[in-house]
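Taking it in order: structure first as C-alpha coordinates, then the write-up.
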Amino acid sequence: MATRRLILLGAPGAGKGTQAQLLMQDLGLPQVSTGDILRAAVKEGTPLGLEAQSYMNRGALVPDAVVIGLIEDRLARPDAGGGWILDGFPRTPAQAEALDGLLTNLDQSLEAVVLIDVPEAQLIERLTGRRTCPLCKRIFHVRFNPPPAAPPFCTDHADCPSELVQRPDDTLEVVSKRLNVYRESTEPLIRYYQQQQKLTSVDGDRSPEVVYSELRELLG
Ligand SMILES: [Zn+2]
(Lines give C-alpha, C1' and ligand atoms only; values in the text may rest on other atoms or scores of the structure.)
Protein backbone atom coordinates (compact mmCIF):
# COMPACT_ATOMS: atom_id res chain seq x y z
CA MET A 1 0.00 0.00 0.00
CA ALA A 2 1.48 3.27 -1.08
CA THR A 3 1.99 6.08 1.35
CA ARG A 4 -0.89 8.46 0.87
CA ARG A 5 -0.82 10.81 3.87
CA LEU A 6 2.24 12.93 3.85
CA ILE A 7 3.96 16.20 4.51
CA LEU A 8 6.53 17.66 2.15
CA LEU A 9 9.24 19.86 3.66
CA GLY A 10 11.71 21.92 1.69
CA ALA A 11 13.38 25.31 1.62
CA PRO A 12 12.27 28.08 -0.73
CA GLY A 13 13.64 27.06 -4.13
CA ALA A 14 13.85 23.35 -3.26
CA GLY A 15 11.09 22.49 -5.72
CA LYS A 16 8.48 21.46 -3.16
CA GLY A 17 5.62 23.02 -5.14
CA THR A 18 6.60 21.19 -8.33
CA GLN A 19 6.85 17.84 -6.55
CA ALA A 20 3.51 18.35 -4.78
CA GLN A 21 1.90 19.18 -8.13
CA LEU A 22 3.28 15.99 -9.70
CA LEU A 23 2.07 13.87 -6.77
CA MET A 24 -1.40 15.40 -6.97
CA GLN A 25 -1.69 14.64 -10.67
CA ASP A 26 -0.20 11.18 -10.36
CA LEU A 27 -1.87 9.88 -7.20
CA GLY A 28 -5.00 12.06 -7.24
CA LEU A 29 -4.32 13.30 -3.71
CA PRO A 30 -5.58 16.73 -2.68
CA GLN A 31 -2.93 19.23 -1.64
CA VAL A 32 -4.15 20.69 1.62
CA SER A 33 -2.66 24.13 2.11
CA THR A 34 -3.46 26.31 5.10
CA GLY A 35 -3.66 29.40 2.90
CA ASP A 36 -6.28 27.81 0.63
CA ILE A 37 -8.26 26.42 3.58
CA LEU A 38 -8.35 29.83 5.27
CA ARG A 39 -9.48 31.60 2.10
CA ALA A 40 -12.17 28.97 1.41
CA ALA A 41 -13.52 28.99 4.98
CA VAL A 42 -13.71 32.79 5.03
CA LYS A 43 -15.52 32.77 1.67
CA GLU A 44 -17.97 30.08 2.77
CA GLY A 45 -18.56 31.89 6.06
CA THR A 46 -18.21 28.76 8.22
CA PRO A 47 -18.07 29.42 12.01
CA LEU A 48 -14.29 28.86 12.05
CA GLY A 49 -13.96 30.90 8.85
CA LEU A 50 -15.73 33.85 10.50
CA GLU A 51 -13.51 33.52 13.55
CA ALA A 52 -10.40 33.44 11.36
CA GLN A 53 -11.64 36.50 9.49
CA SER A 54 -12.04 38.48 12.72
CA TYR A 55 -8.31 38.02 13.34
CA MET A 56 -7.30 38.75 9.76
CA ASN A 57 -9.42 41.92 9.74
CA ARG A 58 -7.36 43.18 12.66
CA GLY A 59 -4.15 42.21 10.90
CA ALA A 60 -3.51 39.60 13.57
CA LEU A 61 -2.21 36.06 13.10
CA VAL A 62 -4.95 33.43 13.11
CA PRO A 63 -4.36 31.41 16.31
CA ASP A 64 -3.23 27.79 16.07
CA ALA A 65 -6.48 26.51 17.60
CA VAL A 66 -8.49 28.03 14.74
CA VAL A 67 -6.10 26.83 12.02
CA ILE A 68 -6.08 23.34 13.53
CA GLY A 69 -9.88 23.27 13.58
CA LEU A 70 -9.94 24.29 9.92
CA ILE A 71 -7.45 21.56 9.00
CA GLU A 72 -9.48 18.98 10.89
CA ASP A 73 -12.63 20.01 8.97
CA ARG A 74 -10.72 19.84 5.70
CA LEU A 75 -9.16 16.42 6.31
CA ALA A 76 -12.56 15.02 7.30
CA ARG A 77 -13.97 15.76 3.83
CA PRO A 78 -14.58 12.84 1.47
CA ASP A 79 -11.92 13.83 -1.08
CA ALA A 80 -9.25 13.60 1.64
CA GLY A 81 -10.40 10.11 2.71
CA GLY A 82 -7.92 8.42 0.39
CA GLY A 83 -4.97 10.56 1.44
CA TRP A 84 -3.58 14.08 1.28
CA ILE A 85 -0.45 16.18 1.00
CA LEU A 86 -0.21 18.79 3.74
CA ASP A 87 1.40 22.01 2.62
CA GLY A 88 2.50 24.85 4.89
CA PHE A 89 1.49 23.09 8.09
CA PRO A 90 2.78 22.25 10.66
CA ARG A 91 5.43 24.94 11.03
CA THR A 92 6.35 24.30 14.67
CA PRO A 93 6.65 21.23 16.90
CA ALA A 94 3.59 22.47 18.85
CA GLN A 95 1.57 22.46 15.64
CA ALA A 96 2.97 19.03 14.79
CA GLU A 97 1.70 17.72 18.14
CA ALA A 98 -1.70 19.27 17.50
CA LEU A 99 -1.73 17.61 14.09
CA ASP A 100 -1.04 14.23 15.70
CA GLY A 101 -4.01 14.84 18.00
CA LEU A 102 -6.43 15.83 15.28
CA LEU A 103 -5.40 12.86 13.14
CA THR A 104 -6.13 10.57 16.08
CA ASN A 105 -9.62 12.14 16.28
CA LEU A 106 -10.09 11.44 12.58
CA ASP A 107 -8.69 7.91 12.86
CA GLN A 108 -6.04 8.78 10.30
CA SER A 109 -2.29 8.68 10.53
CA LEU A 110 0.57 10.64 9.05
CA GLU A 111 2.58 8.13 7.06
CA ALA A 112 5.63 10.06 5.96
CA VAL A 113 7.39 13.40 6.13
CA VAL A 114 9.63 13.90 3.14
CA LEU A 115 12.36 16.52 3.17
CA ILE A 116 13.44 17.69 -0.27
CA ASP A 117 17.03 18.40 0.51
CA VAL A 118 19.00 20.93 -1.55
CA PRO A 119 22.37 22.41 -0.51
CA GLU A 120 22.14 26.06 0.47
CA ALA A 121 24.56 27.25 -2.25
CA GLN A 122 22.31 25.63 -4.83
CA LEU A 123 19.18 27.24 -3.35
CA ILE A 124 20.87 30.63 -3.51
CA GLU A 125 21.81 30.08 -7.15
CA ARG A 126 18.28 28.94 -8.04
CA LEU A 127 16.61 31.89 -6.33
CA THR A 128 18.97 34.76 -7.09
CA GLY A 129 19.24 33.77 -10.77
CA ARG A 130 15.55 34.27 -11.43
CA ARG A 131 14.51 37.09 -13.74
CA THR A 132 10.90 38.06 -14.20
CA CYS A 133 9.11 39.90 -16.98
CA PRO A 134 7.20 42.72 -15.30
CA LEU A 135 4.65 42.78 -18.13
CA CYS A 136 3.66 39.16 -18.80
CA LYS A 137 5.12 37.68 -15.58
CA ARG A 138 7.13 34.99 -17.35
CA ILE A 139 10.02 33.70 -15.26
CA PHE A 140 13.51 32.93 -16.59
CA HIS A 141 16.75 31.90 -14.95
CA VAL A 142 20.11 33.32 -15.94
CA ARG A 143 21.63 29.84 -16.02
CA PHE A 144 18.87 27.21 -16.15
CA ASN A 145 16.41 28.94 -18.46
CA PRO A 146 18.21 31.89 -19.99
CA PRO A 147 16.24 34.64 -21.70
CA PRO A 148 17.28 35.75 -25.20
CA ALA A 149 20.13 38.24 -25.18
CA ALA A 150 18.52 40.68 -27.62
CA PRO A 151 15.02 42.22 -27.73
CA PRO A 152 12.35 40.98 -27.54
CA PHE A 153 13.81 39.83 -24.23
CA CYS A 154 10.75 37.81 -23.41
CA THR A 155 10.86 34.67 -25.63
CA ASP A 156 7.84 33.88 -27.79
CA HIS A 157 6.32 37.19 -26.92
CA ALA A 158 7.15 39.34 -29.91
CA ASP A 159 4.68 41.82 -28.44
CA CYS A 160 6.49 41.84 -25.11
CA PRO A 161 9.78 43.68 -25.54
CA SER A 162 10.03 44.34 -21.83
CA GLU A 163 13.36 44.11 -20.07
CA LEU A 164 13.49 41.45 -17.40
CA VAL A 165 13.93 42.40 -13.76
CA GLN A 166 15.07 40.72 -10.57
CA ARG A 167 12.17 40.85 -8.10
CA PRO A 168 13.11 42.24 -4.66
CA ASP A 169 12.31 38.80 -3.17
CA ASP A 170 15.02 37.23 -5.33
CA THR A 171 17.92 39.46 -4.32
CA LEU A 172 20.76 37.87 -2.38
CA GLU A 173 19.94 39.87 0.74
CA VAL A 174 16.29 38.81 0.88
CA VAL A 175 17.01 35.24 -0.22
CA SER A 176 19.54 34.85 2.62
CA LYS A 177 16.95 36.12 5.10
CA ARG A 178 14.28 33.76 3.75
CA LEU A 179 16.65 30.80 4.03
CA ASN A 180 17.56 31.74 7.60
CA VAL A 181 13.90 31.94 8.58
CA TYR A 182 13.31 28.58 6.93
CA ARG A 183 16.24 26.93 8.70
CA GLU A 184 15.33 28.26 12.12
CA SER A 185 11.68 27.28 11.86
CA THR A 186 12.13 23.93 10.14
CA GLU A 187 15.03 22.41 12.08
CA PRO A 188 12.94 21.77 15.23
CA LEU A 189 10.25 20.22 13.04
CA ILE A 190 12.78 17.96 11.36
CA ARG A 191 13.99 16.79 14.77
CA TYR A 192 10.39 16.17 15.86
CA TYR A 193 9.70 13.90 12.91
CA GLN A 194 13.10 12.21 13.16
CA GLN A 195 12.20 11.21 16.70
CA GLN A 196 8.92 9.79 15.39
CA GLN A 197 10.93 7.96 12.71
CA LYS A 198 8.75 9.42 10.01
CA LEU A 199 11.30 11.62 8.30
CA THR A 200 12.91 10.63 5.04
CA SER A 201 14.80 12.83 2.67
CA VAL A 202 15.24 13.01 -1.06
CA ASP A 203 18.25 14.58 -2.74
CA GLY A 204 16.64 17.57 -4.42
CA ASP A 205 19.80 18.74 -6.17
CA ARG A 206 18.78 17.06 -9.44
CA SER A 207 16.24 17.59 -12.20
CA PRO A 208 12.56 17.67 -11.12
CA GLU A 209 11.91 14.43 -13.07
CA VAL A 210 14.69 12.52 -11.32
CA VAL A 211 13.64 13.85 -7.91
CA TYR A 212 10.06 12.84 -8.61
CA SER A 213 10.90 9.28 -9.64
CA GLU A 214 12.84 8.80 -6.40
CA LEU A 215 10.01 10.32 -4.40
CA ARG A 216 7.48 7.95 -6.02
CA GLU A 217 9.69 4.96 -5.31
CA LEU A 218 10.08 6.04 -1.73
CA LEU A 219 6.31 6.30 -1.26
CA GLY A 220 5.83 2.77 -2.66
ZN1 LIG B 1 7.01 39.45 -21.10
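The values are calculated or read from the model by the stated rules, or taken from the named source; none is laboratory data. Because the structure is predicted, anything quoted here is derived from the model rather than measured. Virtual Cβ from ideal backbone geometry, glycine too; neighbours counted across all protein chains shown. For the accessible areas, the whole protein counts, side chains as well, though only heavy atoms, and no ligand, DNA or RNA atoms are used. Shrake-Rupley method; radii C 1.70, N 1.55, O 1.52, S 1.80 Å.
Given that compact globular proteins tend to follow 2.2 N^0.38 Å, what is the ratio of the alpha-carbon Rg of the chain to that value? Provide the component values of the computation, followed by the final result.
Numbers: Rg = 19.4 Å, N = 220, 2.2 N^0.38 = 17.1 Å.
In units of the 2.2 N^0.38 Å rule of thumb, it is 1.14.
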Partner aspartates and glutamates whose C-alpha sits under 16 Å from that of LYS177, ignoring same-chain residues fewer than 8 away, are GLU120, GLU125, ASP169, GLU187
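Could you work out what % of the accessible surface of the range 60-201 is carbon and sulfur, using a 1.4 angstrom probe and leaving DNA, RNA and ligands out of the count? Don't jump to the answer; show the numbers that get you there.
Working: 4110 of 7780 Å².
Carbon plus sulfur share of accessible area: 53 percent.
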Any lysines whose Cα falls less than 25 Å from that of LYS198, other than same-chain ones fewer than 8 residues away, would be LYS16
Distance in nm between SER176 and GLN195 label points, each 7 Å along Cα→Cβ, equals 3.3
Rounded to 0.05, the calculated FRET efficiency for the beta carbons of GLN122 and CYS160 at R₀ = 30 Å is 0.50
Note: the range 106-220 at 4 °C, 1.567 mPa s; Kirkwood Rh on alpha carbon pairs; Stokes-Einstein D in µm²/s works out to 77
Two pseudo-spin positions, 7 Å from Cα along C-beta at ASP73 and at ASN145, lie apart in nanometres by 3.6
Probe 1.4 Å, all chains present, heavy atoms only: THR171 accessible area in Å², nearest 10, is 40
Of ASP203, ASP87, ASP107, the most mobile residue in a GNM of the chain (C-alpha springs, cutoff 10 Å) is ASP107
A student applying the Cα gyration tensor rule (rounded when a/c is under 1.5; otherwise prolate if a/b is larger than b/c, oblate if not) would label the range 1-78 prolate
Gyration tensor on Cα atoms of the range 31-124, a ≥ b ≥ c root eigenvalues, a/c under 1.5 rounded, else prolate if a/b beats b/c, else oblate, says oblate
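Accessible area per residue for the chain in Å², computed with a 1.4 Å probe and the full protein assembly in place, what is it?
On the way: 11850 Å² over 220 residues.
Per-residue accessible area for the chain comes out at 54 Å².
Once you have a ≥ b ≥ c as the square roots of the Cα gyration tensor eigenvalues for the range 154-220, tell me rounded if a/c is under 1.5, and otherwise prolate or oblate according to whether a/b is larger than b/c. The partial results should precede the final answer.
Details: a/c = 4.77, a/b = 1.59, b/c = 3.01.
Oblate shape, in that a/c is at least 1.5 and b/c is the bigger or equal ratio.
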Per DSSP, the loop-located trypsin sites (Lys or Arg not before Pro) within the range 90-147 having at most 14 other beta carbons within 10 Å are LYS137, ARG143
Between the Cα axis of helix 16-27 and the main Cα principal axis of the chain, the angle (0 to 90°, nearest 10) is 60
Residue by residue through the range 53-65, the couplings from Karplus 6.51 cos²θ - 1.76 cosθ + 1.60 with θ = phi - 60°, in Hz, x for Gly and Pro, are 5, 4, 6, 5, 4, 8, x, 9, 5, 6, x, 3, 4
In the range 78-220 the DSSP beta bridges are antiparallel at a rate, in percent to nearest 5, of 50
